[in-house]
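The values are calculated or read from the model by the stated rules, or taken from the named source; none is laboratory data. Nothing here was measured: the structure is a model prediction, and the numbers come from that model. Here the Cβ is made from the backbone with ideal geometry for all residues, glycine too, and neighbour counts use every protein chain on show. Each accessible area value is taken on the protein alone, full model and side chains, heavy atoms only, with ligands, DNA and RNA left out. Shrake-Rupley method; radii C 1.70, N 1.55, O 1.52, S 1.80 Å.
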Amino acid sequence: MSEAKQITKNAKSNLAFAFACLPPQRRDDMISLYAFCRIVDDLADSPAIPMDEKTSGLENWKQCFSQTHPQNLNFSQKSILEIRDRYKIDNQLFLDLIAGCQSDLQPTRRFTEWEELKKYTYQVASCVGLISIKVFGCQHPDSVKYAVNLGHALQLTNILRDVGEDLSDNLRIYIPENDMIRFQYSERDLVGRVHDGRFTSMMQYISERADYYYLEAEKHFHPQDSKALRSSEAMRKIYHGILKKMQKDNFQVFHQRYTLSKPRKIWLLLTSLAGL
């Protein structure tokens, strides 16, 4: 098994699950792309990696995409550059993605408002979507807006689901300060894992923002690219399903990690393959 496939298998991600929709070549390229995303994300977030190794590792990836003729590349870097060139993907998308991961090296970073967080979700999620639609083979201009909006929706879902886990990881907080102020819920409340009416109202408010971006993605789903976007549609259905599950359960995110059952995910994957 290749290193990329092993990384993808070990991650047990919903994103990797959806790759079953793709033709063999595009599926292998998406597995390589996913492995790249996992590598740079782990460099930013893994507590097991020393800070100097994180910084140098992300900088090394940045240089990989910054140089006209990069030298001394490892196998993973060569594979990603080949994918970039094969599908004529904008190089800046990779640099923006790495920049988003680099910003996570500052665990005490806070976001004042949604517009500030939106720049981050664009970097770490929408950029992945924009890269992916090139690998998927999308042709219609609307697919660009689809990818950007879906990226915001997916990352907001992750932020809501991972509130408790992020607190345990060096007190990472992605909820904008203005959203907490709106519901008179303080950072101290969050750190103390206070689950009350203020918390559920705040989480519902942010989840409705995610709902909006899921809807915007659906609006820009163009029939011309329906076959190419089957994998993305599976991801959209799975993650939106997770969001709805949290909403229904009043966001018990301090005590559990929300997911969908494997049979449910298989059903959503099959409906995406069927174009339903």
Only Cα pairs under 8 Å and at least 6 apart count here; give the relative contact order of the chain as a rounded whole percent.
20
Show me 156-167, 119-130, 135-146 ranked by packing, highest mean number of other Cβ atoms within 10 Å first.
119-130, 156-167, 135-146
Extension gain from Ser56 to Leu215, taking 0.36 nm per residue of separation minus the Cα-Cα distance
53.3 nm
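Hand me the GluC sites (Glu not before Pro) from region 59-161 located in a DSSP loop with no more than 15 other Cβ atoms within 10 Å, in residue order please.
Glu113
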At a 1.4 Å probe, what is the % contribution of carbon and sulfur to the accessible area of region 200-250?
48
